[in-house]
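The values are calculated or read from the model by the stated rules, or taken from the named source; none is laboratory data. Just so it is clear, the model here is predicted, and its values are computed rather than measured. Using ideal geometry, Cβ is built from the backbone for each residue, glycine included, and neighbour counts are taken over all protein chains shown. Surface areas here come from the heavy atoms of the whole protein model, side chains and all, with no ligands, DNA or RNA. Shrake-Rupley method; radii C 1.70, N 1.55, O 1.52, S 1.80 Å.
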Amino acid sequence: MRLKSVNPKNGELVREFDPATDQSIEQALEAAEHAFRAHKRASFNERASRLRALADRLEEDCQAHARLLTDEMGKTLAAARAEVEKCAWVCRHYADNAEAMLADVELESDAELSAVMHLPIGPVLAVMPWNFPFWQVFRAAAPAVMAGNVVLLKHASNVPRTALALQSLFESAFAPGVFQSLLIGPDRVERLLADRRVKAATVTGSTRAGSSVAEIAGKHLKKTVLELGGSDPFIVMPSADLEQALDTAVTARMLNNGQSCIAAKRFIVHADVFDRFVGGFVERFEALKVGDPLEESTDMGPMAMDRLRRRLESQVDRLLELGAERLAGAVPMDGEGYFFRPGILSGIDPNAPAFDEELFGPVAWVLRAESFDRALALANQTQYGLGSSLWTQDANEINRAFREVESGATFVNSLVKSDPRLPFGGIKQSGYGRELARDGIIEFVNRKTVVVG
Ligand code: NAP
């Protein structure tokens, strides 16, 4: 199947690409192996100066890269610029810190010397999503190349122009073969993972995709890191600064046109402040400006693909059939492009199967909790465990949330977001392993024990 770059603002087909042939996949594997032989021997200093050069390119051409992201998947230009800048940050972070992160660790034993070294393993396959089409790739690739590995990217099929732009960017700083984009569909992932030259895979995407890649990787005994879906709870307690919680709630749900794994998706609000929260939430949602993502005043652009918009619409319809109440929006917008009016639903039955689904678009749920215990129970009533946030001034509630909310991260009185300095990842069906910080770079190295008797 051809890979199509469609502008979600108007549905126009911009370019089509033939998928990689068997022969070009083989060439890429050869090139990756060849590049690895030299790249693994490069000093940290050399890798770091190349990665810093890449960060410079990102910043110099920020506007052009941002424009590509906006045109290919619909995020606002302001959000796209911020994404490109964050990629430069993660490059510099690993350029500055990888050597210390991967330093040998000496250990006590009966031997004259015993230590653990952190050595590169080889080509890593990165299966990546379209929603942060630069950031997701950079946060996997920057630590990988600093560790001495090389990367084969299978990007999402709807962002082929971004995939090619990423390869050009890396080629401007690194030797050919250190980073390659393969324009392929999911059906070719097994071909790659079955190949002896590919040593591991990292997947960011839906739980379905992660499970499928992990199954194949398991068969071929390849290590995986999985960053998958989420349905993050956002708990608001009576002592919270409600105005601050409300402002952040809108950002947390609407970030990236509502299409973020760590978007807050279920707003669990204590009964004492429920009506005030809902009033402020609806008011803020209705004031959001949905429109052309190139305009600086736009809050929300289109959804990335029509099929995602239709899926969200059918999820909303099903929730309404199950008794949910529509408090605002939550409908596709007329006219060209894949626009969706931001919406809020309430009254969702926590026992309905749909309670466990991820709404990957600009629709929030609000749920009433009579107590903190009930809020925690609702927060954990999900197959997912990515991020979570709590709004309160109560130290006991904070302490309990840190220990009892089942997620890879809990943020208090603050927006859940990724940061190159902090580990990022999930538990339960949100995946396993970690990206970013030292945890991220350690995932794809051989922690080799060395002993001198
Ligand atoms: P997706 O459909 O799972 O696609 C992600 C990537 O996986 C794409 O490259 C896709 O290729 C590939 N893929 C899909 N099915 C596959 C299969 N059976 N075997 C091998 N590869 C497969 O996800 P998406 O719709 O692009 O992204 C949204 C999802 O990603 C949401 O669930 C979101 O929460 C999650 N996400 C998680 C994180 C995180 O850090 N935890 C970050 C961002 C997004 P094609 O495009 O060619 O189908």
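Cβ separations smaller than 7 Å between residues 6+ apart or across chains give the following pairs from the range 161-185 residues that are more than 16 Å from the ligand (Cβ to nearest atom) to residues that are assigned to a helix (DSSP H, G or I) and of a type in the set (Lys, Arg): Leu169/Arg57; Ser172/Arg57; Ala173/Arg50; Ala173/Arg57; Phe174/Arg50. Only a single criterion out of (1) touching a residue at least 24 places away in the same chain (Cβ under 8 Å); (2) in a loop (DSSP other than H, G, I, E, B) is not satisfied by Ala354, namely (2). Of the set (1) in contact (Cβ under 8 Å) with a residue 40 or more places away in the chain; (2) within 16 Å of the ligand (Cβ to nearest atom), all apply to Ala194 but (1). If you check Ala379, Ala352 for being out of contact with any helix residue (DSSP H, G or I) (no Cβ under 6 Å at 6 or more places or on another chain) and surrounded by 23 or more Cβ atoms within 10 Å (Cβ to Cβ), only one passes: Ala379. Selection of the range 111-135 for residues being within 14 Å of the ligand (Cβ to nearest atom), assigned to a strand (DSSP E or B) and open to solvent by 10 Å² or more (accessible area, probe 1.4 Å) yields only Val127.
Residue count for the range 254-266 under the criterion of being more than 11 Å from Lys417 (Cβ to Cβ), in a helix (DSSP H, G or I) and either away from the ligand (no atom under 12 Å from the Cβ) or open to solvent by 20 Å² or more (accessible area, probe 1.4 Å) (or both): the result is 2. All conditions but one from (1) charged (D, E, K, R); (2) surrounded by 24 or more Cβ atoms within 10 Å (Cβ to Cβ); (3) away from the ligand (no atom under 11 Å from the Cβ) apply to Glu227; the one that does not is (3).
Take Thr251 and decide whether it is buried (at least 17 other Cβ atoms within 10 Å of the Cβ), of a type in the set (Ser, Thr, Tyr), away from the ligand (no atom under 16 Å from the Cβ) and at pLDDT 95 or above. No.
Once the range 145-159 is narrowed to residues that are within 16 Å of the ligand (Cβ to nearest atom) and aliphatic (A, V, I, L, M), the residue that is farthest from Glu443 (Cα to Cα) is Val159. Hey, any hits in the range 415-422 for a residue that's of a type in the set (Val, Ile, Thr) and in contact (Cβ under 8 Å) with a residue 60 or more places away in the chain? Within the range 415-422, one or more residues are of a type in the set (Val, Ile, Thr) and in contact (Cβ under 8 Å) with a residue 60 or more places away in the chain.
Answer yes or no as to whether Val203 is touching a Ser or Thr at 6+ places or on another chain (Cβ under 7 Å), over 30 Å from Ala271 (Cα atoms) and open to solvent by less than 10 Å² (accessible area, probe 1.4 Å). Reasoning before the result, please.
On the way: touching a Ser or Thr at 6+ places or on another chain (Cβ under 7 Å): yes; over 30 Å from Ala271 (Cα atoms): yes; open to solvent by less than 10 Å² (accessible area, probe 1.4 Å): yes.
Here the answer is yes, as Val203 does meet what is asked.
I'd like the full set of residues that are within 13 Å of the ligand (Cβ to nearest atom), farther than 17 Å from Val405 by Cα and not in a loop (DSSP other than H, G, I, E, B), limited to the range 415-439. Of everything in the range 415-439, just one residue is within 13 Å of the ligand (Cβ to nearest atom), farther than 17 Å from Val405 by Cα and not in a loop (DSSP other than H, G, I, E, B), namely Glu435. Being free of Cβ contacts under 8 Å to residues at least 60 places away in the same chain, open to solvent by less than 10 Å² (accessible area, probe 1.4 Å), of a type in the set (Phe, Trp, Tyr) and assigned to a helix (DSSP H, G or I) is true of Phe138.
For the range 141-154, a residue qualifies if it is among the β-branched types (Val, Ile, Thr) and assigned to a helix (DSSP H, G or I), and exactly one does: Val145. State the number of residues belonging to the range 13-30 that are closer than 23 Å to Leu77 by Cα and more than 26 Å from the chain's Cα centre (by Cα). Looking only at that region, the number is 0.
Just one of the numbered conditions (1) under 30 Å from Pro120 (Cβ atoms); (2) surrounded by fewer than 15 Cβ atoms within 10 Å (Cβ to Cβ) is not true of Arg438: (2).
Here Ile216 clears all of (1) in contact (Cβ under 8 Å) with a residue 24 or more places away in the chain; (2) more than 15 Å from the ligand (Cβ to nearest atom) except the condition numbered (2).
Restricting Glu406, Glu357 to residues that are open to solvent by 10 Å² or more (accessible area, probe 1.4 Å) and out of contact with any strand residue (DSSP E or B) (no Cβ under 8 Å at 6 or more places or on another chain) narrows the list to Glu357. Looking for whichever is in contact (Cβ under 8 Å) with a residue 60 or more places away in the chain and either more than 23 Å from Ala163 (Cβ to Cβ) or open to solvent by 50 Å² or more (accessible area, probe 1.4 Å) (or both) here; the options are Val273, Val278. Which one fits? Just one listed residue meets the conditions, Val278. Summed over the range 159-189, residues that are under 15 Å from Phe17 (Cα atoms) and open to solvent by less than 20 Å² (accessible area, probe 1.4 Å) total 8.
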